Amino acid sequence: MRKKIVVGNWKMNKTVAEATDLAAAILEKLDDGAVACEVGIAPPFPALTEVGNVIEKSAVGLVAQNCHFEDDGAYTGEVSVNMLASLGCSCVIIGHSERRQYFGETNQTVNLRLKKALDKGMQVIMCVGETLEERESGVTEKVVTEQVREGLKDVSDLGDVVLAYEPVWAIGTGKTATPEQAEEVHASIRSTISDMYGEVAAGQIRVQYGGSVKPSNAAELFAKPNIDGGLIGGASLKADDFVAIVKAAS
Ligand code: 13P
């Protein structure tokens with residue numbers, strides 16, 4: 001039985017003070033005892049320390065939104081895995097579609113970042129997903145399969161890997177994939193993992209769904225057999241909504 005995982009990706013939102021307040025509000029509403037899934041929050045880099053202090057003694061994990069693939073060096077504006085670990089991060093999101101779309105991230109750089117994070121013992125959430133144009137031209141499965149295969153190239157152990165299927169057309173648009181549309185792609189991702197790593201690994205890996213998940217649609221999505229939780233954007237910025245989604249996964 002796979003444990004569901006729900007992570008709030010705050011993207012480029014919240015000052016340090018606002019982020020601290022949001023983390024505190026989430027903890028207050030989240031009754032740890034009633035939460036049966038894994039929960040994480042991914043504030044922007046400047047707020048990691050303060051948010052980490054707020055959630056330190058809770059079951060909520062501190063997640064980063066990106067990392068670089070080198071240990072250190074002349075990479076202005078980038079942050080290394082060691083730096084994130086030193087702030088208490090246990091998990092990092094890699095290859096979010098916004099990184100791919102606006103910052104030139106490719107399957108190859110996703111793969112480099114992912115391998116570096118895994119080498120350092122960090123859990124990773126690798127994001128994949130097709131654009132609207134790709135869906136409409138019928139290449140969703142091809143695109144997503146390629147993202148999974150190339151992103152995981154030369155990775156032998158999936159123990160610390162979570163995948164997130166985030167159709168680009170559903171992110172921040174209010175258009176959620178229907179549970180059936182999402183389930184179809186999730187099943188195809190699991191079958192790719194089975195081809196690459198065998199059935200046992202495919203049965204164990206968790207595949208989150210992301211893209212306009214809200215309290216009103218979360219339970220229906222999470223009820224699908226191949227959907228193991230969610231990567232939540234907009235709704236994770238409101239404590240009540242995020243906690244309701246976590247509860248839907250519990
Ligand atoms: P929204 O939930 O705002 O659509 O964002 C999803 C997402 O990109 C999470 O990483």
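Tell me which aspartates and glutamates have Cα within less than 18 Å of Lys116's Cα, excluding those fewer than 8 residues away on the same chain? Partners within reach: Glu70, Asp71, Asp72, Glu78, Glu105, Glu150, Asp154, Asp157, Asp160.
Comparing mean-square fluctuations of Thr15, Thr192, Thr76 from a GNM of the chain with C-alpha springs under 10 Å, the top value falls on Thr76. Spread over its residues, the convex hull of the C-alpha atoms of the range 115-250 is 110 Å³ per residue.
In this structure, the pairs whose alpha-carbon distance is over 19 Å, taken from Lys214/Lys238; Lys14/Lys57; Lys214/Lys247; Lys29/Lys57; Lys175/Lys247; Lys120/Lys153, are Lys14/Lys57; Lys175/Lys247. Bridges between two residues of the chain, per DSSP, are antiparallel at a rate of about 0%.
Roughly how compact is the range 184-250, stated as its Cα Rg over 2.2 N^0.38 Å to two decimals? If you can, show how the numbers build up before the last one.
Details: Rg = 13.2 Å, N = 67, 2.2 N^0.38 = 10.9 Å.
Taking the Cα Rg and dividing by 2.2 N^0.38 Å, one obtains 1.22.
Applying both filters, DSSP loop and at most 11 other Cβ atoms within 10 Å, to the chymotrypsin sites (Phe, Trp or Tyr not before Pro) of the range 54-152 gives Tyr75, Phe103.
Dividing the radius of gyration of the alpha carbons in the chain by their Kirkwood radius gives 0.94 for Rg/Rh. Beyond 14 Å, the tail of the calculated P(r) for the range 61-127 holds 52 percent of the Cα pairs.
Helices in the chain, meaning DSSP H runs of at least 4 residues, each add -39500 (n - 2.57). Divided by all residues, the mean residue ellipticity at 222 nm is -12500 deg cm²/dmol. Per-residue extension of 0.36 nm, minus the Cα-Cα distance of Ser90 and Gln108, leaves a gain of 4.2 nm for this segment.
For the range 141-196, the spread of Cα coordinates along the three principal axes comes to 36, 20, 19 Å, biggest extent given first.
Full extension from Val139 to Asp240: what is 0.36 nm times the residue separation minus their Cα-Cα distance, to one decimal in nm?
Extra length from Val139 to Asp240 when fully extended: 32.7 nm.
The numbers here are math on the coordinates, done by the rules we state, and not lab data. Just so it is clear, the structure is predicted and the values come from calculations on it, not from any experiment. Reconstructed Cβ throughout: ideal geometry from the backbone, glycine too, with neighbour counts over all protein chains shown.
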